[in-house]
Amino acid sequence: MKRETKKRIERIAIKAYSTLGMRDYARIDIRLRDRIPYVLEVNSLPGLMKGHSDLTKMAEACKLGYSGLIMKIVKNAINRYYLNDKLNYKTV
């Protein structure tokens, strides 16, 4: 995939996420047709079953890993409620 296409997909996914008011995590399903990305679905609560769910497979593929994914979700939620007291966590 061309870098330009990848960047366009990322921008569209982020825009869909923000426009719909998603928080912490979601899965944005996008398909390319004639090199044009289309948002098919926004899953606001995708499964987190390790090694089975698409989101966990994506986390493994990008080196974030399952533990990193879960810790990012938890950290984002905590920081949202304690904006002045940013907390630091290490993945286990």
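For the reader, a short list of remarks on this structure follows.
- FRET efficiency, Leu40 to Ala61 (Cβ-Cβ, R0 25 Å, nearest 0.05): 0.80
- The magnitude of the dipole of segment 1-46, with charges of +1 and -1 set on the Cβ of Lys/Arg and Asp/Glu and taken from the Cα centre, is near 300 debye.
- Residues in segment 35-50 carry Karplus couplings, in order, of 6, 10, x, 10, 7, 8, 7, 10, 9, 6, 9, x, x, 10, 6, 4 Hz; the curve used is 6.51 cos²θ - 1.76 cosθ + 1.60 with θ = phi - 60°, and Gly or Pro positions show x.
- Length gained on full extension, Tyr81 to Lys6: 23.8 nm, using 0.36 nm per residue less the C-alpha separation.
- Cβ-defined net charge surrounding Leu20, 14 Å radius [Lys, Arg +1; Asp, Glu -1]: 0
- Extension reserve of the Arg33-Lys72 stretch, reckoned as 0.36 nm per residue once the Cα distance is removed: 10.9 nm
- Relative contact order computed over segment 17-63 (Cα-Cα under 8 Å; 6+ residues apart), in percent: 26
- C-alpha long axis of helix 65-81 to longest principal axis of the chain, angle in °: 70
- Lys-Lys pairs in the chain that are eight or more residues apart or on separate chains and whose Cα atoms lie under 16 Å of each other come to 11.
- Crossing angle, helix 3-19 versus the chain [Cα axis fit, 0-90 degrees, rounded to tens]: 60
- Cα centroid of segment 34-60 to Cα centroid of segment 3-24, whole Å: 13
- Cβ-based exposure ranking for Met22, Met1, Met58, in which fewest neighbours within 10 Å come first: Met1, Met58, Met22
Values quoted throughout were computed directly from the atomic coordinates according to the rules given, and no laboratory measurement underlies them. Remember, it's a predicted structure, so these values are computed and weren't measured experimentally. Here Cβ is always computed from backbone atoms with ideal geometry, including for glycine, and neighbour counts include all displayed protein chains.
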